[in-house]
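Student: Please see the structure below; I have some questions.
The values are calculated or read from the model by the stated rules, or taken from the named source; none is laboratory data. Predicted model, so just to flag it, every value in this text is computed and none were measured. Quick reminder, even Gly has a Cβ in these numbers, built from the backbone with ideal geometry, and neighbours come from all protein chains shown. With ligands, DNA and RNA removed, areas are computed over all heavy atoms of the protein, side chains included. Shrake-Rupley method; radii C 1.70, N 1.55, O 1.52, S 1.80 Å.
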Amino acid sequence: MRAVVLVGGFGTRLRPLTLSTPKQMLPVNGVTMLERVIANLGRHGVTEVVLALGYLPQVFQEAYPTGEIAGVKLHYAVESEPLDTGGAIGFAAREAGFTDQTFIALNGDVINDLNVSQLVDQHKTFGGEGTIHLTPVEDPSRFGVVPIDADGRVEAFIEKPPAGEAPTNWINAGTYVLEPSVLDRLPEGQKISLERAVFPDMVAAGQLFAVQQAGYWVDAGTPESYLKVALDLVNGVRSSEPAIAADALIADDASVTNSIVGFGAQVESGAIIDGSMIQSGARIGSGARVVNSIVGPNALIGSGAELLDLTVVGDSFTVEPGTTHFAEKLPAE
Ligand code: GTP
């Protein structure tokens with residue numbers, strides 16, 4: 001089985017972290033988001049992937065010089081301008097030659113334990129042009145909501161319904177099984193949204209099906225969800241991986257709870273880190289407090305500074321000693 005992985009977006013909601021690093025190359029407890037996504041595909045029999053690249057493509061190409069992740073062969077397709085999700089899938093599938101058999105397409109920022117092989121089997125049973133994975137959420141108003149009939153056929157594709165008006169709380173979870181005929185709906189070089197244009201057309205033609213599969217699922221595109229997906233790996237929600245890198249330096253009287261501390265990071269005397277992610281090479285000065293926040297690689301947090309309430313500090317940024325920050329992006333946009 002072959003897959004197109006969408007990784008070309010600007011990741012604006014995760015700025016400033018994404019100013020230097022594309023979203024899918026951000027670390028999720030020491031392993032990039034992309035590697036975690038591809039490892040799951042590999043577990044379900046995907047042997048070849050094309051990365052649909054646009055923003056900072058060289059970061060991916062340099063990180064995987066052997067053209068392989070977890071035994072899965074990589075192709076690179078670089079758009080000269082953003083083609084949106086549908087256009088990007090069409091461009092990448094054609095570039096990699098994935099045009100003659102059923103393929104998978106997915107958002108590269110969704111972390112899940114999806115049984116991809118089962119989704120493919122169900123797609124074959126339905127016999128339509130496409131099958132979408134659906135996951136349940138409490139508040140569907142931020143997502144594409146997908147009601148289905150008793151046969152699994154999609155009845156409508158409703159992007160971001162007003163709060164309280166969604167007909168179901170099962171949403172488009174960002175993984176699709178598609179027939180090559182879907183490429184005919186994606187004119188070459190044309191910018192087109194899969195969710196807003198292509199899927200509604202497929203619904204109208206009765207060609208789109210969906211499978212409800214609950215289980216671990218997080219769209220890691222916001223600071224809150226990115227932090228959650230990483231902490232879930234270390235706090236037992238999803239697994240209990242080691243959270244502190246072997247070479248991180250943590251002062252004996254510093255306190256680090258429910259947090260990740262990356263390679264080469266330092267936490268100085270009396271600092272308090274709780275519910276946070278400290279990326280590689282960052283330094284947290286003495287007496288600083290970092291709560292429910294993200295400190296980017298090589299950032300310097302001055303002594304006594306406070307980072308609270310989903311503050312996000314970018315690559316190599318310096319936070320002045322003694323300053324307090326609530327829900328801030330540093331540097332600000
Ligand atoms: P924000 O800017 O924060 O909204 O994020 P995004 O646009 O990077 O991601 P979004 O969640 O909106 O998009 C879903 C997936 O499609 C992500 O994996 C993106 O990387 C990818 N994506 C979005 N637009 C494009 C595009 O024009 N080209 C390519 N190749 N990928 C895209």
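Student: Find out how many positive minus negative residues lie around residue 321, taking Lys and Arg as positive, Asp and Glu as negative, among other residues whose Cβ is under 14 Å from that of residue 321.
Tutor: Residues close to residue 321 contribute a combined charge of -1.
Student: Long-range amide H contacts for residue 32: which residues qualify at under 5 Å (H placed 1.01 Å from N, peptide plane, sequence gap of 5 or more or a different chain)?
Tutor: For residue 32, whose amide H was placed from the backbone, there are no distant partners under 5 Å.
Student: Residue-wise, which Karplus ³J(HN,Hα) couplings in Hz belong to segment 155-163, taking 6.51 cos²θ - 1.76 cosθ + 1.60, θ = phi - 60°, and x for glycine or proline?
Tutor: These are the phi-based 3J(HN,Hα) values: 8, 7, 10, 10, 6, 6, x, x, 3 Hz.
Student: When the Cα centres of segment 110-178 and segment 41-56 are compared, how far apart do they sit, in Å?
Tutor: 21
Student: Right, here's the next one. Going by amide H atoms built from the backbone, whose H comes under 5 Å of the H on residue 318, apart from near neighbours?
Tutor: Amide H neighbours of residue 318: 300.
Student: With +1 on the Cβ of every Lys and Arg and -1 on the Cβ of every Asp and Glu, and nothing else charged, how large is the dipole of the chain about its Cα centre, in debye rounded to the nearest 20?
Tutor: Approximately 200 debye in magnitude.
Student: A further question on this structure: Tell me the carbon and sulfur percent of the accessible area for the chain, rounded to whole percent, probe radius 1.4 Å.
Tutor: About 49 percent, which is the carbon plus sulfur part of the accessible surface.
Student: Taking H as built 1.01 Å from N, whose amide H comes closer than 5 Å to the amide H of residue 260, not counting residues under 5 places away?
Tutor: Placed amide hydrogens put 276, 277, 278 under 5 Å from residue 260.
Student: Moving to a separate point now. Please report the net charge: other residues with Cβ closer than 13 Å to the Cβ of residue 53, K and R +1, D and E -1.
Tutor: It works out to a net charge of -3.
Student: Taking the chain as a Gaussian network, where each spring joins two C-alpha atoms under 10 Å apart, which residue of 143, 91, 103 fluctuates the most?
Tutor: 143
Student: Angle between the Cα long axis of helix 84-96 and the longest principal axis of the chain, 0 to 90 degrees, nearest 10?
Tutor: 80
Student: Which net charge results for the neighbourhood of residue 78, defined as the other residues with beta-carbon distances under 15 angstrom from its beta-carbon, given Lys and Arg at +1 and Asp and Glu at -1?
Tutor: -3
Student: I've got another one for you. How large is the accessible surface per residue of segment 2-222, computed with a 1.4 Å probe and reported in Å² as a whole number?
Tutor: 40
Student: Gaussian network model of the chain, Cα springs within a sub-10 Å range: biggest mean-square fluctuation belongs to which of 64, 176, 216?
Tutor: 64
Student: Between the helical axis of 33-43 and the dominant principal axis of the chain, each derived from Cα atoms, what acute angle in degrees is found, rounded to the nearest 10?
Tutor: Around 50 degrees separate the two axes.
Student: Hey, what number do you get for the chain at 222 nm if only DSSP H runs of n ≥ 4 count, each worth -39500 (n - 2.57), divided across all residues, to the nearest 500?
Tutor: Estimated from H runs of four or more residues: -5000 deg cm²/dmol.
Student: Going by Cα centres, segment 244-269 and segment 185-236 are how many Å apart?
Tutor: Distance between centres, Cα-based: 35 Å.
Student: Between helix 116-126 and the chain, what is the angle of the helix's C-alpha long axis to the longest principal axis, kept within 0 to 90° and rounded to the nearest 10?
Tutor: Tilt of helix 116-126: around 20 degrees.
Student: Could you pull out the GluC sites (Glu not before Pro) across segment 1-98 that fall in loop regions by DSSP (anything but H, G, I, E, B) with no more than 13 other Cβ atoms inside 10 Å?
Tutor: Here no loop site has a sparse enough neighbourhood.
Student: Choose one answer from 173, 52, 271: the residue with the largest mean-square fluctuation in a GNM of the chain with alpha-carbon springs under 10 Å.
Tutor: Largest GNM mean-square fluctuation: 271.
Student: Okay, moving on. Let me know the number of lysine pairs in the chain closer than 23 Å at the Cα, not counting same-chain pairs under 8 apart.
Tutor: Eligible lysine pairs with Cα atoms under 23 Å apart amount to 8.
Student: Another one. How would you classify segment 242-330 from its alpha-carbon gyration tensor, with a ≥ b ≥ c the square roots of the eigenvalues: rounded for a/c under 1.5, else prolate if a/b is greater than b/c, otherwise oblate?
Tutor: Rounded is the answer for segment 242-330, as its axis ratio a/c remains below 1.5.
Student: Which whole-Hz ³J(HN,Hα) couplings does segment 275-280 yield from phi under the Karplus relation 6.51 cos²θ - 1.76 cosθ + 1.60, θ = phi - 60°, glycine and proline marked x?
Tutor: Result, ordered by residue: x, 9, 10, 10, 7, 4 Hz.
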